[in-house]
Amino acid sequence: MILRLGQIELFVTDLAESERFYVDTLGFIKADETEESLYLKATDEFDIYTLVLTQKEEAALASFGLRVSSEGYLDELQKKHGEMGIETEMVESHHPGRGRTLRVAEPSGHPVEFYHAMEQIDVGGGRPGVEKLPMRNTHRFNGIPPVRIDHMNLRVTDVDKAWEYWEAIGFSISEYVQDGDEKFAAWTRAKTSTHDVALVRQEETALHHIAYIVDGVAGVVRTADLLADAGYRDSVEYGPGRHGVSNAFFLYVRDPDGHRIEIYSGDYNRDTDLPPIGWTKEDYDANGRLWWGPSVPDRFFETTPVNKDWVKPKVNN
């Protein structure tokens, strides 16, 4: 089975400037680096990293990774994708600490990877004690800091069609927006919180944002202070506020390349087998996107392109 969203890789155009923003200011932990990539983690994560920033000429979503329950399930997923007529590649990951990886041309065009093996931080080498838990290093943290990876929001041309794929690989919907005979949006998940992958209708395939959780509402507000104090006031795009969908408290910020990061706290948990909560498009526009907070700025609807050099989608109709 698929367990959760585990990793995101973004293409950035200036690795040094990205490090100043993500590590020196926001407080991500630099776990590793190469000449072309930074490997970052949030404070409470046991995976050795969850965010990869890779130097490229153009900014884009490079890929995102979903962790699965076993090595054998990777083979099952490859077979299932083959039966659906979807192109795949099974590779040994070129990123450190991660094992065999199934790369998929997801039908909407988003670059997806599935993996099981991922190196974990050292929590004591089998000895009793908690001194090695990741959150036992607060004296070294700076920035907000972010606590853990949570979700990403994708733009797709047809939400109902996109949902057919995510349902086929075992996801459920927590909430959705109905627009006449079609879905405008769906918040889909493998875990019990509101979403791992949100799907929202747009004219072209794209990434809208990635999201990391911080420690409560105060952490969200502190992020805005932190960015303004550090000279990144213009990076604060939208919020703080509360969503109607998911009930989460939010702040949206933009990195030096324009990638949007949602600083996020307080959504709910609900069993994945329960029926989804529905909104009409009118209700969503009035109260779903924003329960309270500042008005949505026009630039909030800008998006990030996806990796052009990926397994090309091939679906049998």
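For the pair region 1-57 / region 216-241, the C-alpha centres are spaced 20 Å from each other.
A simple spin-label model places the labels of ASP24 and ALA286 4.8 nm from each other, with each point 7 Å out along Cα-to-Cβ. Accessible surface area normalised per residue over region 149-244 is 37 Å², counting heavy atoms of protein chains with a 1.4 Å rolling probe.
If you average the C-alpha positions of region 258-311 and of region 77-111 separately, how far apart do those two centres end up, in angstrom? Each part's Cα centre sits 26 Å from the other's. Overall, the accessible surface of region 1-125 at a probe of 1.4 angstrom is composed of carbon and sulfur to the extent of 47 percent. Straightening the chain between GLU164 and GLU76 buys 29.9 nm, computed as 0.36 nm per residue apart minus the Cα-Cα spacing.
Heavy atoms of the protein chains alone define the surface here; on that basis region 54-96 has 50 Å² accessible area per residue at 1.4 Å probe size.
Per-residue Karplus couplings for region 104-115, computed as 6.51 cos²θ - 1.76 cosθ + 1.60 with θ equal to phi - 60°, are listed in order as 10, 8, 4, x, 6, x, 7, x, 10, 10, 10, 8 Hz, Gly and Pro entered as x. Its relative contact order, with pairs defined as Cα atoms under 8 Å and 6+ residues apart, puts the chain at 19 percent. Taking the 1.4 Å solvent-accessible surface of region 134-245 as the whole, the part contributed by carbon and sulfur is 42%. Only protein heavy atoms count here; under a 1.4 Å probe, GLU119 has an accessible surface of about 100 Å². If R0 is taken as 35 Å, the Cβ-Cβ distance between VAL296 and ARG100 corresponds to a FRET efficiency of 0.25.
A probe of 1.4 angstrom, applied to the heavy atoms of all protein chains, finds ASP257 with accessible area near 40 square angstrom.
Available extension along the chain between ASP179 and ASP14 is 55.4 nm, counting 0.36 nm per residue and deducting the alpha carbon span. Annotation for region 1-61: chymotrypsin sites (Phe, Trp or Tyr not before Pro) lying in DSSP loop with at most 15 further Cβ atoms inside 10 Å of their Cβ are PHE46.
The values are calculated or read from the model by the stated rules, or taken from the named source; none is laboratory data. Quick caveat: nothing in here was measured; it's all calculated off a predicted structure. FYI the Cβ positions are ideal-geometry reconstructions off the backbone, even for glycines, and counts take in every protein chain you see. Just so you know, the surface numbers come from the protein's heavy atoms only, side chains and all, with ligands and any DNA or RNA stripped out. Shrake-Rupley method; radii C 1.70, N 1.55, O 1.52, S 1.80 Å.
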